[in-house]
Amino acid sequence: MNVFADFQARVAALIEKRIAAGELPDNLDLSRFVVEPPRDPSHGDLSTNAAMVYAKEAKAAGSSARALAERLAADLAAEPGVAKAALAGPGFLNIVLKPEVYEKVLRHVLVEGAAFGAGAPGAAGQVNVEYVSANPTGPMHVGHARGAVFGDALANLLNFAGRTATREYYINDAGAQVNVLARSAFLRYREALGEDIGAIPEGFYPGDYLKGVGEALKAEFGAGLRDKPEAEWLPDVRKRAIDAMMAMIRDDLAALNIAHEVFASERALTGLDGGPDRVKEAIDVLRGKGLVYEGRLAPPKGAPAEDWEDREQTLFRSTAFGDDIDRPLVKSDGSYTYFASDIAYHKTKIDRGFLTLVDVWGADHGGYVKRMQAAVSALSGNEAKLEVRLCQLVRLMRAGEQVKMSKRSGDFVTLREVVDEVGPDAVRFIMLMRKNDAPLDFDLAKVIEQSQDNPVFYVQYAHARARSVLRQAHAAFPDFDLDPAALASAEASLLTDEGERDLIRAMAQFPRAVLQAAEAHEPHRVAFYAHDLATRFHAHWNRGKDDRDLRFVNEKERKLSYSRLGLVAAVGLVLASALSILGVSAPEEMR
């Protein structure tokens with residue numbers, strides 16, 4: 001049950017009534033207005049700007065915005081479930097609902113349970129969400145956690161809202177960095193054979209995590225690789241090093257309860273291992289559209305562009321799709337640019353039927369967005385849409401002091417170390433308490449505090465508190481059936497306290513919060529919602545400490561207690577759903 005969607009449809013029907021009366025022109029876009037909570041709750045339960053949105057059209061039809069608003073107010077006041085509809089300010093309509101509407105909301109929460117607020121499965125189409133896609137050159141650091149959590153929560157959110165989201169990881173296993181990885185692993189292999197390798201050379205990966213790869217190479221090949229030329233041992237070592245790194249990355253992600261459904265290999269696209277050259281195929285498709293040509297790029301103005309070369313080269317006409325300059329597809333040595341491989345990779349997504357693509361990247365890739373969106377538009381004939389969500393940096397702190405990290409030097413804090421120290425729930429929730437494009441400070445000391453200043457504790461404790469109340473109720477009223485479906489039969493009309501009504505109003509906003517978060521691809525909105533509902537629940541619980549008449553369990557008031565327990569169970573269900581979208585557990589108790 002979505003009260004806001006219901007009234008959006010009702011207002012649209014009333015506007016169509018005004019169109020039929022000649023007070024508004026035909027063919028109005030009825031998606032332009034909104035129905036939302038008023039900024040000041042004292043103004044009512046719902047507010048709509050419909051009269052203001054169509055003010056010009058009303059005037060053109062010989063009426064006025066105010067006359068339209070007055071007629072809509074009168075129409076709304078006659079709608080079922082409406083106690084009052086009043087005009088405010090320059091044309092806002094504020095709506096007060098009858099108590100029966102919220103009593104119905106409460107019953108829906110209890111009956112629908114985990115499905116409350118969810119969209120019809122698969123009704124809104126498929127979405128490909130690609131996230132993490134870290135180079136397979138070592139363990140993940142805490143900076144990777146933000147994109148990982150954001151992408152995974154977004155996929156959860158889209159699925160909950162009725163989309164079908166596929167989680168995907170693109171393995172960058174064809175570039176120069178994996179050859180450096182192989183040489184670094186070979187060095188550790190020689191070390192495993194007993195050789196003194198001395199200091200790790202500049203430009204190699206120095207981390208101890210490659211010692212295990214060296215030992216595994218020794219176990220498989222003995223000393224058989226040591227005296228071979230690089231051209232002979234490199235393919236074997238590279239493959240095993242990449243496999244080992246990806247196993248480590250999968251394990252790190254599993255610690256955050258993240259599992260991708262698709263792992264796509266860049267190397268498999270290039271034909272380097274004998275398969276079809278998908279990159280060439282993609283370039284040929286674009287060439288056939290007249291979008292690939294041989295030419296020269298003008299020198300860039302201002303800061304030099306890393307992909308600019310003063311030579312005749314193969315270029316993609318990305319400026320035809322909004323990019324700043326056309327982009328090279330082939331390097332001077334004949335190998336493909338990263339961009340060319342990425343074009344081929346995104347073509348595979350389109351070929352698999354995805355027309356909505358979401359890529360989650362680090363903030364340092366911001367300059368890459370326009371060209372990739374241009375390529376997706378070109379490949380799909382403007383049918384597919386690529387949205388890129390950039391995740392800003394995470395500054396790791398401990399009790400206010402910054403913790404340094406550097407992946408290149410090997411002196412860094414890994415994602416796994418952070419998860420092992422504070423737990424996956426804290427990592428996930430805190431990463432989602434800010435919008436993805438805002439910088440984030442992650443304090444290892446603060447995220448494990450058991451206080452209201454720690455948002456993950458505060459929300460989880462609200463759910464645990466709801467479950468605790470139900471356990472106490474079972475002890476006080478052993479004959480009560482506390483199953484949510486049974487509690488739906490309780491007399492919700494007995495819940496007349498403003499704090500109780502406020503909690504139901506907050507739960508009524510959950511379907512709207514989910515839908516808006518899914519449409520905007522912003523899972524942090526669900527975290528904000530969960531924190532707000534938890535705050536309201538804790539506040540009402542605290543009122544019961546001071547006023548016994550407001551307590552959820554009152555042995556002298558059986559019927560009222562049963563109704564209040566329905567409210568508590570409903571709050572627990574909505575909090576559990578919100579936490580599930582975020583990928584955070586909803587504990588039964590907290591000690």
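The values are calculated or read from the model by the stated rules, or taken from the named source; none is laboratory data. Everything numeric here is computed off the predicted structure, so don't read it as measured data. In this analysis, Cβ positions are derived from the backbone assuming ideal geometry, glycine residues included, and neighbour counts consider all displayed protein chains.
Grab the helices (runs of 4 or more DSSP H) fully contained in segment 1-98, keeping just those with 3 or more residues being farther than 21 Å from Ala513 by Cβ, of a type outside the set (Gly, Ala, Ser) and not assigned by TED's automatic domain parsing to the domain that holds Phe510. Give the derivation first.
On the way: elements: 3-20, 50-53, 55-60, 65-77.
The qualifying helices (runs of 4 or more DSSP H) are 3-20, 55-60, 65-77.
If only one of Ala464, Ala506, Ala492 is of a type in the set (A, V, I, L, M), at negative phi and crowded, with 21+ Cβ neighbours inside 10 Å, which one is it?
The match here is Ala492.
Among Ala60, Ala67, Ala88, which is at pLDDT below 90, over 25 Å from Pro511 (Cα atoms) and in contact with a strand residue (DSSP E or B) (Cβ under 7 Å, 6 or more places away or on another chain)?
On the way: Ala60 fails: in contact with a strand residue (DSSP E or B) (Cβ under 7 Å, 6 or more places away or on another chain); Ala67 fails: in contact with a strand residue (DSSP E or B) (Cβ under 7 Å, 6 or more places away or on another chain).
Residue meeting the stated conditions: Ala88.
Return the residue satisfying two criteria in turn: it lies in segment 16-47 and is polar (S, T, N, Q) and more than 22 Å from Val96 (Cβ to Cβ), and of such residues it is nearest to the chain's Cα centre (by Cα).
First, the residues of segment 16-47 that are polar (S, T, N, Q): 27, 31, 42, 47.
Add one more test, that the residue is more than 22 Å from Val96 (Cβ to Cβ), and what stays is 27, 31.
Numbers: Asn27: 36, Ser31: 25 Å.
The extreme case among them is Ser31.
Test of understanding: among Ala340, Ala375, Ala344, which residue is modelled with pLDDT of 95 or more, in contact with a Pro (Cβ under 9 Å, 6 or more places away or on another chain) and in a helix (DSSP H, G or I)?
After applying the criteria, what remains is Ala340.
How many of the residues in segment 429-482 are within 24 Å of the chain's Cα centre (by Cα) and either not β-branched (Val, Ile, Thr) or not in a helix (DSSP H, G or I) (or both)? Reasoning before the result, please.
Filtering segment 429-482 for residues within 24 Å of the chain's Cα centre (by Cα) gives 429-444, 446-448, 453-463.
Now drop any that are not either not β-branched (Val, Ile, Thr) or not in a helix (DSSP H, G or I) (or both), which leaves 429, 431-444, 446, 453-455, 457-458, 460-463.
The qualifying residues number 25.
I'm checking my understanding of the structure. Among residues of segment 379-414 that are β-branched (Val, Ile, Thr) and at pLDDT below 95, which one is nearest to Leu355 (Cα to Cα)?
Val394
Could you please tell me which pairs satisfy a Cβ distance under 8 Å, a separation of 6+ or placement on different chains, a first residue in segment 552-569 that is in the same structural domain as Met507 (by TED's automatic domain parsing), and a second residue that is in a helix (DSSP H, G or I) and β-branched (Val, Ile, Thr)?
Between residues of segment 552-569 that are in the same structural domain as Met507 (by TED's automatic domain parsing) and residues that are in a helix (DSSP H, G or I) and β-branched (Val, Ile, Thr), the close pairs are Phe552/Val469; Phe552/Val568; Val553/Val469; Leu565/Val469; Leu567/Ile504; Val568/Val469.
Those residues that are without any contact (Cβ under 8 Å) to a residue 24 or more places away in the chain and at negative phi, I need them from segment 369-405; list them, please.
Scanning segment 369-405 gives Val369, Glu401, Gln402, Lys404.
List the number of the failed condition for Ala340; all other conditions in (1) within 29 Å of Pro523 (Cβ to Cβ); (2) buried (at least 21 other Cβ atoms within 10 Å of the Cβ) hold.
Here Ala340 clears every test but (1).
Kindly check whether there is at least one residue in segment 404-424 that is closer than 27 Å to Leu573 by Cβ, among the polar types (S, T, N, Q) and part of a loop (DSSP other than H, G, I, E, B).
no
Can you tell me how many residues in segment 376-394 are within 16 Å of Tyr345 (Cβ to Cβ), touching a Lys or Arg at 6+ places or on another chain (Cβ under 8 Å) and not small (Gly, Ala, Ser)?
So the count comes out to 2.
Please determine, by comparing only the residues of segment 128-166 that are among the β-branched types (Val, Ile, Thr) and more than 14 Å from Glu522 (Cβ to Cβ), which one is modelled with the lowest pLDDT.
Among those that are among the β-branched types (Val, Ile, Thr) and more than 14 Å from Glu522 (Cβ to Cβ), it is Val142.
Here's the yes/no breakdown for (1) within 25 Å of Val3 (Cβ to Cβ); (2) more than 14 Å from the chain's Cα centre (by Cα):
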{"residue": "Val82", "(1), (2)": "yes, yes"}
{"residue": "Gly91", "(1), (2)": "yes, yes"}
{"residue": "Lys98", "(1), (2)": "yes, yes"}
{"residue": "Val101", "(1), (2)": "yes, yes"}
{"residue": "His108", "(1), (2)": "yes, yes"}
{"residue": "Ala115", "(1), (2)": "yes, yes"}
{"residue": "Asp152", "(1), (2)": "no, no"}
{"residue": "Leu158", "(1), (2)": "yes, no"}
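Confirm whether Leu106 is assigned to a strand (DSSP E or B), farther than 23 Å from His524 by Cβ and either at pLDDT 90 or above or of a type outside the set (Val, Ile, Thr) (or both).
On the way: assigned to a strand (DSSP E or B): no; farther than 23 Å from His524 by Cβ: yes; either at pLDDT 90 or above or of a type outside the set (Val, Ile, Thr) (or both): yes.
It is false that Leu106 is assigned to a strand (DSSP E or B), farther than 23 Å from His524 by Cβ and either at pLDDT 90 or above or of a type outside the set (Val, Ile, Thr) (or both).
Quick one: would you say Leu515 is within 26 Å of Leu390 (Cβ to Cβ), surrounded by 16 or more Cβ atoms within 10 Å (Cβ to Cβ) and in contact with a strand residue (DSSP E or B) (Cβ under 6 Å, 6 or more places away or on another chain)?
Considered against the rule, which asks whether it is within 26 Å of Leu390 (Cβ to Cβ), surrounded by 16 or more Cβ atoms within 10 Å (Cβ to Cβ) and in contact with a strand residue (DSSP E or B) (Cβ under 6 Å, 6 or more places away or on another chain), Leu515 comes out as no.
Within segment 272-279, does at least one residue satisfy the condition of being hydrophobic (A, V, I, L, M, F, W, C), touching a helix residue (DSSP H, G or I) at 6+ places or on another chain (Cβ under 6 Å) and closer than 30 Å to Val419 by Cα? Talk me through it step by step, then tell me what you get.
We begin by selecting, within segment 272-279, every residue hydrophobic (A, V, I, L, M, F, W, C); these are 272, 279.
Still in the running and touching a helix residue (DSSP H, G or I) at 6+ places or on another chain (Cβ under 6 Å): 279.
With the extra rule that they be closer than 30 Å to Val419 by Cα, the set shrinks to none.
Within segment 272-279, not a single residue is hydrophobic (A, V, I, L, M, F, W, C), touching a helix residue (DSSP H, G or I) at 6+ places or on another chain (Cβ under 6 Å) and closer than 30 Å to Val419 by Cα.
Pairs, please: C-beta under 7 Å, at least 6 apart or cross-chain, first residue under 16 Å from Val279 (Cα atoms) and in segment 319-348, second of a type in the set (Gly, Ala, Ser) and assigned to a loop (DSSP other than H, G, I, E, B)?
Tyr338/Gly175; Ser341/Ala174
Kindly list the number of the only condition in (1) in contact with a Lys or Arg (Cβ under 7 Å, 6 or more places away or on another chain); (2) in contact (Cβ under 8 Å) with a residue 40 or more places away in the chain that fails for Ala51.
The one condition Ala51 does not meet is (1).
Might you check whether a residue that is without any contact (Cβ under 8 Å) to a residue 24 or more places away in the chain and more than 30 Å from Val419 (Cβ to Cβ) occurs anywhere in segment 235-255?
Yes, segment 235-255 contains a residue that is without any contact (Cβ under 8 Å) to a residue 24 or more places away in the chain and more than 30 Å from Val419 (Cβ to Cβ).
Output the residues belonging to segment 270-288 that are under 18 Å from Ala176 (Cα atoms) and either over 33 Å from the mean Cα position of the chain (by Cα) or among the small types (Gly, Ala, Ser) (or both).
Residues satisfying the conditions are Gly271, Leu272, Asp273.
Could you list all residues from segment 92-115 that are touching a Phe, Trp or Tyr at 6+ places or on another chain (Cβ under 8 Å) and either crowded, with 22+ Cβ neighbours inside 10 Å or closer than 16 Å to Glu498 by Cα (or both)?
First pass over segment 92-115, keeping only residues touching a Phe, Trp or Tyr at 6+ places or on another chain (Cβ under 8 Å): 95, 108-109.
The answer is Ile95, Val109.
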